[in-house]
Structures are given as structure tokens and as C-alpha cells.
Amino acid sequence: MAPILGYWKIKGLVQPTRLLLEYLGEEYEERLYERNEGDAWRNEKFKLGLEFPNLPYYIDGDVKLTQSMAIIRYIADKHNMLGGSGKERAEITMLEGAVSDIRSGVSRIAYNKDFETLKVDFLNKLPEMLKMFEDRLCHKTYLNGDRVTHPDFMLYDALDVVLYMDRKCLDAFPKLVCFKKRIENIPQINEYLRSSKYIEWPLQGWQATFGGGDHPPK
């Protein structure tokens, strides 16, 4: 039986995990909860055998996980992608945190009614964060070298999101532009992005001031 990935029908916290699963070619079933299916989730929440019931969840046989980072790390570990040495494992963990600083920074302000005001401060700080990744990619194909690791998909998702906030935010970072295209050109990812499985929108929950609603901005 294929593993089950359960989440709202949004990008949100689980998009990097979807990208990783597609890259690996691992069979999985998505349980997508629509905007009006809050009751459906609440009815199932305590019946799935989850120790800490929440969305997203991932059920792989007797492994039943919640928390997005636990899920993506579990899948990466199954495929020996967490690093071969203590140093490499620590660097991958560091990269997770560095990318999360960007993505969680968006989420922290996305639901605020004063988003447009808060966005100014976020975008002022964004170049400093992006430059660290730009510098790391100067002599690397991917964040950890020549091999794809799950923080690459986390960064791809974060870049996709901030570009909706400011279409010019990567103009000063050619390595990041190339990195984003490189991820999109991976055959498995390219196929996924063009498939009906791909969720373009919303980026956040439907109620979010930024990244919410049913359709992307024109």
C-alpha cells in the first residue's frame, strides 16, 4: 500500500515534501482536504493512529508522522539523503533552518491585515538572506554540492513564494535564478509542474491576506 500524505489542498508547509517525493519517483497517495472540508479533517483527526494529530501527516505502514520537517527528513533518510558524515548531516540541518527563516518569515506576516506594511520590512531584509544562498551556490550545483538534498526543494519553494511578493526580488541574484531553473528542469520535477497534481495556488491557507484566496494575483 502506498504511503499517504495528508494536507490541505494548498502549497503551504508540505510543498517541498511533494517535490521530494516526485523527484524520488516514490509512489504516494495524497489525501487533500478542500477549503470546505474542515469538518472532514476534524472527524478523521483522531482516527488515523497519529500520536500528535495534525496536518500535514504521513502514513507509511506502521510509521505515522506529523510535523512537516519530521516527514521530509524521514523520506530523505529512507533514500540516504541526510548526509554521509556528521559534518554533512549538520550542514543539511543548517540549510533547513536557513531556508525556513525565509519561508516562515513569509508565513508570519501573510495572515496579518497589515501585510502590505509588514511586507516592506520583510523585503528590506530579504536581500541579506538571499545573498547567503547566492554565495553558497557560487561553486555548487545544489546547496550541498552536486547531489540534490531536500533543502534544495525547500529553497525552491521559498523562492517561488517570495517572487509572488516581489517579481524583481531575484534580479540581483543570478545564481539563485539559475538554481530555480535547474530544479524546474529536473525531468521528474518538470513533469510534475505540468501535471494536474501540481497545486499552483494558494501558497498559504485560503484566509491569508497574502497567498490566500482561490486564484493567484493577476
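The values are calculated or read from the model by the stated rules, or taken from the named source; none is laboratory data. Values in this document were obtained by computation on a predicted structure and should not be read as measured data. Every residue, glycine as well, gets a Cβ built from its backbone with ideal geometry; the counts of neighbours run over all protein chains shown.
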Check: Any residue at all in the range 89-107 that is outside the structural domain of PHE173 (by TED's automatic domain parsing), acidic (Asp, Glu) and surrounded by fewer than 18 Cβ atoms within 10 Å (Cβ to Cβ)?
Finding: no
Margin query: Condition (residue is loosely packed, with under 13 Cβ neighbours inside 10 Å and among the charged types (D, E, K, R)) applied to the range 49-60: is it met by at least one residue?
Written below: yes
Notebook entry, point to check: Does any residue of the range 154-167 turn out to be over 23 Å from TRP8 (Cβ atoms), of a type outside the set (Ser, Thr, Tyr) and not assigned by TED's automatic domain parsing to the domain that holds ARG103?
Noted result: no
Note to self: Contact list please: Cβ distance under 6 Å, first residue in the range 196-218 and surrounded by fewer than 16 Cβ atoms within 10 Å (Cβ to Cβ), second residue hydrophobic (A, V, I, L, M, F, W, C), pairs at least six apart or on different chains.
What the structure shows: PRO216/TRP201
Next item on the list: Could you check, for the range 63-70, whether at least one of its residues is hydroxyl-bearing (Ser, Thr, Tyr), touching a residue at least 24 places away in the same chain (Cβ under 8 Å) and surrounded by 12 or more Cβ atoms within 10 Å (Cβ to Cβ)?
Entry: yes
Note to self: Name the single residue that is nearest to TRP201 (Cα to Cα) among those in the range 141-153 being of a type in the set (D, E, K, R) and not in a helix (DSSP H, G or I).
What the structure shows: ARG147
Check: Residues in the range 154-169: is at least one of a type in the set (Val, Ile, Thr), modelled with pLDDT of 95 or more, part of a helix (DSSP H, G or I) and surrounded by 12 or more Cβ atoms within 10 Å (Cβ to Cβ)?
Finding: yes
Next item on the list: Would you check if ARG182 is without any contact (Cβ under 8 Å) to a residue 40 or more places away in the chain, surrounded by 14 or more Cβ atoms within 10 Å (Cβ to Cβ) and over 21 Å from TRP8 (Cα atoms)?
Entry: no
Item checked: The one condition in (1) more than 30 Å from LEU55 (Cα to Cα); (2) over 18 Å from the mean Cα position of the chain (by Cα); (3) among the β-branched types (Val, Ile, Thr) that VAL177 fails to fulfil -> (2)
Checklist line | Counted residues, the range 1-42 - those being touching a residue at least 12 places away in the same chain (Cβ under 8 Å) and not in a helix (DSSP H, G or I) | finding: 22
Item checked: Residue in the range 120-140 that is farther than 19 Å from VAL162 by Cβ, assigned to a helix (DSSP H, G or I) and either among the charged types (D, E, K, R) or in the same structural domain as ARG167 (by TED's automatic domain parsing) (or both) present -> yes
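Filter the range 23-82 down to residues that are β-branched (Val, Ile, Thr) and more than 29 Å from ASP214 (Cα to Cα), then give me how many there are. Walk me through it before giving the result.
So the first thing to find is which residues in the range 23-82 are β-branched (Val, Ile, Thr), and the list is 59, 63, 66, 71-72, 75.
Among the residues that remain, those that are also more than 29 Å from ASP214 (Cα to Cα) are: 63, 75.
Residues that pass the stated criteria total 2.
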Item checked: Failed condition for PHE210, given (1) more than 14 Å from the chain's Cα centre (by Cα); (2) more than 22 Å from LEU55 (Cβ to Cβ) -> (2)
